[in-house]
There are 2 protein chains.
Amino acid sequence: MHPTCLKISYDGTAYGGFQIQKNAPTIQGELERALAVIYKVPLRVIGAGRTDAGVHARGQVVHYTAPFKIPEERLPAALNVLLPQDIVVLRAALVAPAFHACFSATKKLYSYTLDRALYPQVLLRRFTHHLPGVFDTAAVKKAAESLKGTHDFQAFRAAGSSARSTVRTLYRVDLDEVPGRRLLIFTFEGSGFLYRMVRMLTGSLLRVGRGRLEPQAIAAALRGVRPDAAGPTAPPQGLCLEKVTYSEDPF
Amino acid sequence: MHPTCLKISYDGTAYGGFQIQKNAPTIQGELERALAVIYKVPLRVIGAGRTDAGVHARGQVVHYTAPFKIPEERLPAALNVLLPQDIVVLRAALVAPAFHACFSATKKLYSYTLDRALYPQVLLRRFTHHLPGVFDTAAVKKAAESLKGTHDFQAFRAAGSSARSTVRTLYRVDLDEVPGRRLLIFTFEGSGFLYRMVRMLTGSLLRVGRGRLEPQAIAAALRGVRPDAAGPTAPPQGLCLEKVTYSEDPF
């Protein structure tokens, strides 16, 4: 048995999300289909993050147990010819049997991109949330600061979450302007994220930016005294899983 | 009568090109459909550049003659709610009756974007031509230099061109690296372009980059002695009409 992990990127627009389901094409489903062609047996793929419908990835990591060895350097090209054009395998590596794409991860990094132009920048439409008008970046940065550190993020978890503990640590919550491109990008790096947590955090921060929520309300939501300050869930297409970090880089 | 011009942007992926045709949706067709809703009469739209199927625009300009006046500042939003999501009106302006989106233009600027990553950057797939591997940018820049100025571009014109003169002036032919993004961008600015000229110029320059054509062959093609050096036509999705310039900016 050959435990293998892949670094993959995808345009999530056409998919019902990462996790396999009956009624929509999924990233996991497409990967398992391509792997079954190569290995001639059905294989189960486990992802580091179960991205939702419409969410993208530049650095998702998955693992599976291969029945025989294929040189790692050949796997990306072999899989890419079998995968749809909007899913690309970037790297492959053999890993220790104990490696788990999700549980072995020490950090995950997501970006959320806002299109700040008056009318949508149409070539970025599939990968941004269009939000023109008033936006108080100073207030948002202040609110973002209060999210850093170890907190109980229970208020920022959507129904359907199965996590036992709702305590997570955020290492980075940044907001950066892309010079000359009318984009604002949030960066969230944390020990892990609850179901829809990044999009709910973004939803709260966008309310702060629009002047509809005071920056202090976000810290209050973390303390459990302002549950109304959490969310709404920001639209999926602005979100991208950028990077998954392991104590030892498998690639 | 109110001669009006619009600055528009579009993702050309889903369209048969700018110019109206029977068997595919077109940019012109969608614009005329939206304008007919607003003005209650059929109107003819004229574009500055007749971009091909799959080619994009960030700064296409079109004009039409409106039967009554609608305040320019309201037109973009009114049209955008009627247009498909991949076509966006950015600006509108009233123009002099003599204004013609194409014939009044003094310069046009196109970009052509190459994805230089080993495997396709999937979020850029619709807007780039993926070209990994050997690429001699110094040779390409040398060849590009020979294209600048006024030349007979007859060799770089596809069948179907109806232009009387094939003499055009190129003001800029640049190749720039986008730091940290593994992109190479060609910029072509000229007095005008023949049918498929930008993509044929790009096709020749890519052969130079791959070491399959010597840089001097491009100047020879312009002199008419190396017609084999012109083209092939590079794929459409890398091309974008960025800007149309008029002696007086209508916007």
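The rows are residues; the columns are (1) more than 10 Å from every other protein chain (Cβ to nearest Cβ); (2) of a type in the set (A, V, I, L, M).
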residue: A:Ile70; (1), (2): yes, yes
residue: A:Asp86; (1), (2): no, no
residue: A:Leu90; (1), (2): no, yes
residue: A:Pro120; (1), (2): no, no
Matching residues, the range A:49-60, being of a type in the set (Lys, Arg) and within 14 Å of chain B (Cβ to nearest Cβ): A:Arg58
Every pair of residues 6+ apart whose Cβ atoms lie under 9 Å, when the first sits in the range A:7-28 and is more than 23 Å from A:Thr128 (Cβ to Cβ) and within 11 Å of chain B (Cβ to nearest Cβ) while the second is in a strand (DSSP E or B) and at pLDDT below 95: none
Scanning the range B:181-210 residue by residue, those part of a loop (DSSP other than H, G, I, E, B) and in contact with a Phe, Trp or Tyr (Cβ under 9 Å, 6 or more places away or on another chain) turn out to be B:Ser191, B:Phe193, B:Leu194, B:Arg196, B:Arg210
Looking at B:Leu79, B:Leu35, B:Leu75, which one is within 14 Å of another protein chain (Cβ to nearest Cβ), surrounded by 19 or more Cβ atoms within 10 Å (Cβ to Cβ) and farther than 20 Å from A:Arg125 by Cβ? B:Leu75
Considering only the range A:130-151, I want to know if a residue exists there that is of a type outside the set (Ser, Thr, Tyr), within 14 Å of another protein chain (Cβ to nearest Cβ), in contact with a strand residue (DSSP E or B) (Cβ under 9 Å, 6 or more places away or on another chain) and free of Cβ contacts under 8 Å to residues at least 24 places away in the same chain. yes
Need the failing condition index for B:Leu222 against (1) in contact (Cβ under 8 Å) with a residue 60 or more places away in the chain; (2) away from chain A (no Cβ under 14 Å); (3) within 27 Å of B:His100 (Cα to Cα); (4) not hydroxyl-bearing (Ser, Thr, Tyr), just the number. (3)
Would it be correct to say that B:His63 is away from chain A (no Cβ under 14 Å), touching a strand residue (DSSP E or B) at 6+ places or on another chain (Cβ under 8 Å) and buried (at least 17 other Cβ atoms within 10 Å of the Cβ)? yes
Enumerate the pairs (first residue in the range B:56-69 and within 19 Å of B:Val198 (Cβ to Cβ); second residue anywhere and loosely packed, with under 15 Cβ neighbours inside 10 Å) with beta-carbon separation below 9 Å, excluding pairs fewer than 6 apart on the same chain, so at least 6 apart or on different chains. B:Val61/B:Phe251
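The values are calculated or read from the model by the stated rules, or taken from the named source; none is laboratory data. Owing to the predicted nature of the structure, the values given are computational and were not obtained by experimental measurement. Neighbour counts are summed over all protein chains in view; Cβ atoms, including those assigned to glycine, are modelled from backbone coordinates with ideal geometry.
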